[in-house]
Structure formats: structure tokens, C-alpha cells
1. Is one or more of the residues making up the stretch 74-90 touching a strand residue (DSSP E or B) at 6+ places or on another chain (Cβ under 8 Å) and either among the β-branched types (Val, Ile, Thr) or modelled with pLDDT under 95 (or both)?
2. Checking the conditions here, which among Asp59, Asp71 is over 21 Å from Glu104 (Cα atoms) and either outside any helix (DSSP H, G or I) or hydroxyl-bearing (Ser, Thr, Tyr) (or both)?
3. Just to verify a result, which residue in the stretch 73-105, among those that are over 9 Å from the mean Cα position of the chain (by Cα) and of a type in the set (Ser, Thr, Tyr), is farthest from Arg17 (Cα to Cα)?
4. Quick one: which of Ala52, Ala13 is closer than 21 Å to Ser82 by Cα, in contact with a Cys (Cβ under 7 Å, 6 or more places away or on another chain) and modelled with pLDDT of 90 or more?
5. Those residues that are assigned to a helix (DSSP H, G or I) and either in contact with a Leu (Cβ under 9 Å, 6 or more places away or on another chain) or not β-branched (Val, Ile, Thr) (or both), I need them from the stretch 74-107; list them, please.
6. Just to be sure I understand, how many residues within the stretch 59-73 are under 23 Å from Ala14 (Cβ atoms) and either touching a strand residue (DSSP E or B) at 6+ places or on another chain (Cβ under 7 Å) or among the acidic types (Asp, Glu) (or both)?
7. Across the stretch 23-56, what is the number of residues that are out of contact with any strand residue (DSSP E or B) (no Cβ under 7 Å at 6 or more places or on another chain) and either loosely packed, with under 11 Cβ neighbours inside 10 Å or not in a loop (DSSP other than H, G, I, E, B) (or both)?
8. Taking the stretch 75-107, which residues are acidic (Asp, Glu) and surrounded by 15 or more Cβ atoms within 10 Å (Cβ to Cβ)?
Amino acid sequence: MTELQLQRMAQAAAVIRRVVGHDFRCYAPGEWDPQPATAIQQQMQDHARRTALLILHHDRGEPLCPYVNYDCGEYDKIDALSDALSEVGLMVEDKAGWWSGVYEVSK
């Protein structure tokens, strides 16, 4: 992992913490080891391990969940986090309702 990647990971985490107002579970993509999954879920997980800056873990009831999971129906919170990440060239994408990836925005 490069110094720039570490800085961007820290920046993403700081933005998310500021917006959500709580600490949250996250992983560097290479450190993330999710539970066994279906073939399609495995493909999504493998892709995130290769391309994401951070992997966010968010079960229902955790403070981060309504900021990333559309099933929670709190679109104002999703928009707030999306806007804040966008300001620093990042985006979050909910993958399976319990985990999301934070990615660099393509230029």
C-alpha cells in the first residue's frame, strides 16, 4: 500500500466519521475477509478487494447503515455522505446491504 493510498483512506474515514458522527467498522481491501458467499457475491467481493479504497461494514442498527444502505430509506443521510465524499473525489457504493465500498471517482 502506498503512502498516497494510506492518506486517501484516512481522508475517507475522516469524512465519513464527520458526517456520521460515530466511529464505524472499515477495512483495507486486502485485510477484509468476509463470510463465504454465493458466486455473484464472491465476484463483488473480489472486485472490491481489487478496486476499493475502503470496505465499510454496516449491519442494521449501526450508525453508519442509514448513510449507505438504501433499504433504510433515509435518503437525506445517503445524500449528505455522498456529497461530502464527492467534495474530496470519492464515492461510496452499497454492495449487499451489510457492506459498501469507498472508491476514487474516475477522472
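The values are calculated or read from the model by the stated rules, or taken from the named source; none is laboratory data. In this text, all values refer to a predicted model and were calculated from it rather than measured experimentally. No Cβ is skipped: glycine too gets one built from the backbone with ideal geometry, and neighbour counts run over all protein chains shown.
1. No; the residues of the stretch 74-90 include none that is touching a strand residue (DSSP E or B) at 6+ places or on another chain (Cβ under 8 Å) and either among the β-branched types (Val, Ile, Thr) or modelled with pLDDT under 95 (or both).
2. None of the others qualify; the one that does is Asp59.
3. Tyr75
4. Step by step, each of Ala52, Ala13 is checked, and only Ala13 is closer than 21 Å to Ser82 by Cα, in contact with a Cys (Cβ under 7 Å, 6 or more places away or on another chain) and modelled with pLDDT of 90 or more.
5. Those that are assigned to a helix (DSSP H, G or I) and either in contact with a Leu (Cβ under 9 Å, 6 or more places away or on another chain) or not β-branched (Val, Ile, Thr) (or both): Tyr75, Asp76, Lys77, Asp79, Ala80, Leu81, Ser82, Asp83, Ala84, Leu85, Ser86.
6. Within the stretch 59-73, residues that are under 23 Å from Ala14 (Cβ atoms) and either touching a strand residue (DSSP E or B) at 6+ places or on another chain (Cβ under 7 Å) or among the acidic types (Asp, Glu) (or both) number 5.
7. Matching residues across the stretch 23-56 total 17.
8. If the condition is that a residue be acidic (Asp, Glu) and surrounded by 15 or more Cβ atoms within 10 Å (Cβ to Cβ), then Asp94, Glu104 are the ones that fit.
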